[in-house]
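Note sheet for the following structure.
Nothing in this text is a laboratory measurement; each read-out follows from the coordinates by a stated rule. Please read all numbers here as calculations on a predicted model, not as lab measurements. Glycine gets a Cβ as well: all are built from the backbone with ideal geometry, and neighbour counts include every protein chain shown.
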Amino acid sequence: MNLDKNIVLSVREFNSVAKQVIEAGLPLLWVRGEISNFVNAASGHWYFSLKDAQAQVRCVMFRHKSQYLDFKPANGMQVEVLALPTLYEARGDFQLTLEKMRPAGLGALYEAFEKLKTKLELEGLFDAERKRALPFLPHQIGIVTSPQAAALRDVLRTLANRMPGIPVLLYPTPVQGSDAAQKIAAAIREANERGECDTLIVCRGGGSIEDLWAFNEEVVARAISTSRIPVVSGVGHETDFTIADFVADLRAATPTAAAQAAVPDAEELKQRLQLSARHLARAISRSFEKHMQQLDYLQRRLIHPAQRMQQQRQYLVQLQQRLHRAQSYGLQQRQWRWQSFCQRMQAIRPDVEALQTKQTGYLRRLQEVMTRNLERHDAKLNLLQQHLQHLDPTQVFARGYSMVLDANGKIIVDSAQVSKGEMLEVTFARGWVRTEVKEKDSH
C-alpha cells in the first residue's frame, strides 16, 4: 500500500491501514507457545497471551471456534495454534485470531494419523461394502479392553440393563502405553481363534490423542479388518475418532453406545412382543368370529336330504319346461329366418339372360380392340425395323465404306490422328485387313 508521507492520518485511520497491511502480508499460520493470563469470558470467547522465553503475543479464540475443542486450555499449557495475525483497531493491539488449537507436540501425531488413514482408505479397509451387520441377538459378547478401565464397567452395566441374559467374555489387554497396540491386536486375534462370541466390542474411555493412540496403530486396524467376528468400536468420547473406528463394522460414539448397539433393549423387546401378542390375539379373535359366522351361515343352508331332493326335482322340472320352450322358440325363429332368407334371395336373383347378352357384347368389343392394337403395333414395329436397318453399320459398309482403327482400337476420323509407319486395322462389309501408313495428307 502506497501512502503519501505528507498525508496526516487519524489514529483510527492509521490502525485500519496497519490492520490491512498485517492481514495482507501474513497468512494463516501455526504458532507454538505457552498460555498465560487465560480469561474465559461470559460470552464464551477466550482471551490469553501466547509466550515463549523471548516474546509474547495477545490471542483471541471466539466461541464458535472454541466450542469444538476436546480439551480446556489452562495457564502454563504448551499449545500450537492456527491463527490469522491481525490488529485490534480500538486499542491498536497486535493479536492472533485463532482458528484451531491443539496441545504442543501433537502435530506429528496428527500427521501420522492422516497418513495411515489415507493409506488404509486407499486399500479399501473403510469401504461400506466390507461392513457386516451385527447379529440381532448375539449368543455371547466379547469385550477387548483393560480390566481396570472405567469403560468396562460402563459396558457391563449397559449390557446388564439392556439384555442381562447374554454371557460376556473379557479379553483383557492394556489400552494405553508403548506396547498396547500389539496387545490389543493379539486380543482381537485370540477372540477370533477361540470363536466363543459372535459380537466383539473394542473399547476404552476418553482421553487425549496420546492416550488413544494405540487405537490409531496399523496393527490394530489390520486385526480388526481381518476379524471374522463383527467388531464394534467404542473408543473415547463423541468427538474422538480413531483409525479403529473407520475399520470397525460399526463405530459407536462412546463405550456405552457400543454396548447399546451390540444388544437390543430387553424392555423394548418385551414391549414389542406384548404389542405383537395383542395384535395376534385380536387377529385370532377376528378369525374365530369370522369362522363362527361362516358356520352359522352354513348351518342355515343345511337342510334335510329328502327336502333337498324334492327341491332338486322341482328344479329339474323347471329346467325341462324351459328347455321345451327354448326348443320351440328356437325352431320358430329358424323358420322365420329361412323364410326371410328365401325372400331376400328371390329379390336379389340376377337377370342371367341380360347379363349373358351384355357379356357377349363386351367380348366382341374386346376382340375388335385387340385386333386394332395388334395392327397398330405391327406397323410401328415394321417402321422401327426399317430405321434400324438404315442405322446398321454393315449396311453402310456394303455401300463401299470402311472403318479404320488404330493399334489401341480407337476409330480414326482424321489423318492427323496417325503417323507414317503406324499400323492400322481396316474393317469392310466382309472381313478386315491390317495395313501400314506409307503416306498421308492432313488437308
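Things to note:
- Aspartates and glutamates whose Cα lies under 13 Å from that of Lys51, excluding same-chain neighbours fewer than 8 positions away: Glu34, Glu80
- Translational diffusion coefficient of the stretch 266-339 (Stokes-Einstein, Kirkwood radius from Cα pairs, 4 °C, 1.567 mPa s): 71 µm²/s.
- Per-residue [θ]222 nm for the chain (sum of -39500 (n - 2.57) over DSSP H runs n ≥ 4, rounded to 500): -16000 deg cm²/dmol
- Dividing the C-alpha radius of gyration of the stretch 1-134 by 2.2 N^0.38 Å, with N its residue count, gives 1.44.
- Taking other Cβ atoms within 10 Å as a rough exposure proxy, Glu123, Glu439 sort from fewest to most as Glu439, Glu123.
- In plain terms, the residue of Glu80, Glu368 with the fewest other Cβ atoms within 10 Å comes first and the most crowded comes last, giving Glu368, Glu80.
- For the stretch 342-348, 3J(HN,Hα) computed residue by residue from phi via the Karplus equation (6.51, -1.76, 1.60; θ = phi - 60°) reads 4, 5, 5, 5, 5, 6, 9 Hz, glycine and proline entered as x.
- Flagged links, alpha-carbon separation over 27 Å, of Lys72/Lys119; Lys100/Lys183; Lys358/Lys380; Lys131/Lys183: Lys72/Lys119; Lys100/Lys183; Lys358/Lys380
- Computed over the alpha-carbon atoms, the chain gives an Rg to Rh ratio of 1.56, Rh here being the Kirkwood radius from the mean inverse distance.
- Shown in residue order for the stretch 391-399 are the 3J(HN,Hα) couplings computed by the Karplus curve 6.51 cos²θ - 1.76 cosθ + 1.60 at θ = phi - 60°: 8, 5, x, 5, 5, 5, 4, 5, 8 Hz (x for Gly and Pro).
- Charge context of Leu50, other residues only, Cβ under 9 angstrom, K/R +1, D/E -1: +1
- Solution diffusion estimate, µm²/s, Stokes-Einstein, the stretch 73-200, Kirkwood Rh from C-alpha pairs, 20 °C, viscosity 1.002 mPa s: 111 µm²/s
- Total formal charge among the other residues, if their Cβ is under 12 angstrom from that of Arg434, Lys/Arg +1 and Asp/Glu -1: -4
- Separation of the stretch 53-82 and the stretch 141-184, taken as the distance between their Cα centroids, equals 35 angstrom.
- Note on the stretch 110-264: semi-axes of the ellipsoid equivalent to its C-alpha gyration tensor, largest first and rounded to whole Å, are 22, 17, 14.
- Integer Hz, Karplus 6.51/-1.76/1.60 couplings in order for the stretch 112-129, x for Gly and Pro: 5, 4, 5, 5, 5, 4, 5, 4, 5, 5, 5, 6, x, 6, 9, 4, 5, 5
- Asp93 long-range amide H proximity, modeled H, under 5 Å: Tyr88
- Rg and Dmax of the stretch 397-436, based on Cα coordinates, read 10.2, 29 Å.
- Amide H within-cut-off set for Gly236, under 5 Å, with H built and near neighbours excluded: Arg204, Gly205, Gly206
- Once the gyration tensor of the Cα atoms in the stretch 351-422 is diagonalised, the equivalent ellipsoid follows with semi-axes of 61, 12, 6 Å, ordered largest first.
- Reach of Lys440 by Cα under 17 Å, taken over lysines that are not fewer than 8 positions away in the same chain: Lys420
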